[in-house]
Structure formats: C-alpha cells, structure tokens
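Taking it in order: structure first as structure tokens, then the write-up.
A short reminder: the numbers here are calculations on the coordinates, not readings from a lab. All figures in this text were calculated on a predicted structure; none of them were measured in a lab. Here the Cβ positions follow ideal geometry from the backbone for every residue, glycine too, while neighbour counts run over all protein chains shown.
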Amino acid sequence: MKNREAAIAAIRTCKTREALEDMLAKFEVSEEEAISCLEECMYKPKTYFSAKPITTEDVLEFTKQVFLTGTWQLNTYYDKMGIGTEEKNV
C-alpha cells in the first residue's frame, strides 16, 4: 500500500462503493490489506462472527458494507474527545 496515512484519510471521505473501490485501487491496497485498512478507517471496531466458517472474501465484503453504512463516523467524535481510549480502573 502506498502511504498508509494518506490512504486512511482519503478512504474516510468515501460515501459510495464505487468511490471506495477507486480509492483502494488508487492507493494500491491489496485485498489482504483492505480489511485492516478499513478497520483502521473506522477506528478499529470489534467484530464477532458467530455463523459457520467464513472466508476472507466474506469478511472483506462485510467490512466494506459496515464502512459504507457510515455509522462508524460517530467514532471520529469519540476519538477527538478521548472517549474509549483509556482503560477504566474498577
């Protein structure tokens, strides 16, 4: 992948599947790197799969769909406010 930080910033601006696919191609993000790249764009959400075994392609498609819903953007504000970045002492 070319320039990971620039790629992350550019991918975060994508709103459509076409724009996302174009940006992944522009920054030469391989399929193997795409999942971790998209997760980093979304501030590394926790995802759990409880269904039968799934392929890497299934995980990539699911990750793209989650990204394209845009709900992850709320995490941008949490990150800026420092919410969820520190462990709580119980």
CD proxy at 222 nm, helix term only [per DSSP H run n ≥ 4: -39500 (n - 2.57); per residue of the chain; nearest 500] = -16500 deg cm²/dmol
request  = Could you list, in their original order, any pairs among K15/K80; K2/K80; K15/K64 whose Cα atoms are separated by more than 19 Å?
outcome  = K15/K80; K2/K80
note = Computed over the chain, the relative contact order (Cα-Cα under 8 Å, seq sep at least six) in percent reads 29 percent
inquiry  = Between I8 and L60, what is the label-point separation in nm under the 7 Å Cα-to-beta-carbon projection?
reply    = 2.1 nm
query = Candidates (1) 1.00; (2) 1.79; (3) 1.15; which is the computed Rg/Rh (Cα atoms, Kirkwood Rh)?
reply = (1)
request  = Along Cα→Cβ, 7 Å out, is where each label goes; now give me the distance between the ones at F49 and E31 in nm to one decimal.
outcome  = 1.3 nm
